[in-house]
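Visitor: Okay, here's the structure, questions in a sec.
Each value in this text was obtained by applying a stated rule to the coordinates, not by laboratory testing. Every value quoted in this text rests on a predicted model; they were computed, and no experiment measured them. Neighbour counts run over all protein chains shown; Cβ positions are idealised from the backbone, glycine included.
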Amino acid sequence: MPTRQRQRIAPTDDWEQRQLLTAFPEQRTYELIRPIVLFGQSSAERARQTATPQRTLSRQAAQFEATGMAGLFAPPPSQTRPRRAPEIQETILTLSAEYGAFRPNELAAICQVRFGHRPSHRTIRQVLATEVLPVVARRFPPCHAIPDAADRRLAVIRLHSEGWNKQSIAGYLQTSRETVLATLRRWIAEGVAGLDDKPRGPHLGSRKVDLQTMRTVRELDRRTPRVPSERGEFRVHAALKRLGIALSPRTCGRILAVNRRLYGLGKQVSVERDPNLTGSSTG
């Protein structure tokens, strides 16, 4: 079989001339990295000679040394563009059907939390444009329709654990972002205990009036004379201040009223005097 007569060309080290002689991308890549893998030339020096990024040369040389001639060929299209996972596509459609205000970046964040893969915005838009949304039921009703406060907070926490952000949770549950943020902070600080309602009013540890203070006021009220002018909220306030207890006179007055109502302290017994007994007795 006769062979084709090739044109004889003088060898050259000029990269611009050499790359014009290559017929295939794989041949060009090999000629590009050949001085590196054969003669130990540095990738930095070869990058200056060929005007090619140094990182590209290092990567191609390392790939050739690891896989041989196969490293010169590009991977097949099925490997460069992985097919869209059916479960990710189903999740995007289900979430959009349940809450239509989702933005692509919010859907991508939820997919990343659930599957460890974050689809691109282009992929999400393509799924929503080419597929039909399924009919799904709400998993959680709006907050105003959940009677138990613990169940309301649990719904917020469940959605947040799935990757929903504060804005989407607030919109879906029809509540404010401040409420969502407060619920998440309570969950982080208190765990399961943060689901239940807290009793209204200040904590017992922050109250100035405790049982010991009320007992002290009762003792002061008991020891004071039974003359109304010698007893009262201002005198108790001054006595407590000397003991290192800071209470306002008004608070002292309320404590006195409570003690007198409970223990009958300080009640003035009105005695009607008989006019016949006020004068001197006659025998």
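Visitor: Grab the beta carbon distance between Arg8 and Ala66, set R0 = 30 Å, and tell me the FRET efficiency rounded to 0.05.
Guide: 0.25
Visitor: For a quick check of your reading of the filter: which trypsin sites (Lys or Arg not before Pro) in the stretch 116-185 sit in a DSSP loop and have no more than 13 other Cβ atoms within 10 Å?
Guide: Numbers: sites: Arg122, Arg125, Arg138, Arg139, Arg152, Arg153, Arg158, Lys166, Arg177, Arg185; in loops: Arg138, Arg139.
Counting only loop positions with at most 13 other Cβ atoms within 10 Å, the trypsin sites (Lys or Arg not before Pro) in the stretch 116-185 are Arg138, Arg139.
Visitor: Shifting gears a bit: Can you give me the long-range amide H partners of Leu133? Hydrogens built in the peptide plane at 1.01 Å from N, cutoff under 5 Å, separation of 5 or more residues or another chain.
Guide: Answer set, sorted by chain and number: none.
Visitor: Once the Cβ-Cβ distance between Glu190 and Phe234 is put in as r, and R0 is 41 Å, what FRET efficiency do you end up with, to the nearest 0.05? Before the final figure, lay out each step's value.
Guide: Numbers: r = 43 Å, r/R0 = 1.05.
Efficiency at R0 = 41 Å is approximately 0.45.
Visitor: Specify the inter-centroid distance of the stretch 49-75 and the stretch 19-48, based on alpha-carbon positions, in whole Å.
Guide: 9
Visitor: Follow-up. Apply the Karplus curve 6.51 cos²θ - 1.76 cosθ + 1.60, θ = phi - 60°, to the phi angles in the stretch 39-54 and return the couplings in whole Hz, x for Gly and Pro.
Guide: 10, x, 5, 6, 5, 5, 5, 5, 5, 5, 6, 10, 6, 10, x, 4
Visitor: Could you calculate the contour length gain from Glu219 to Gln27, that is, 0.36 nm times the residue separation minus the distance between their Cα atoms, to one decimal place in nm? Please report the intermediate quantities before stating the final value.
Guide: Details: separation 192, 0.36 × 192 = 69.12 nm, distance 10.36 nm.
Net length gain for the segment: 58.8 nm.
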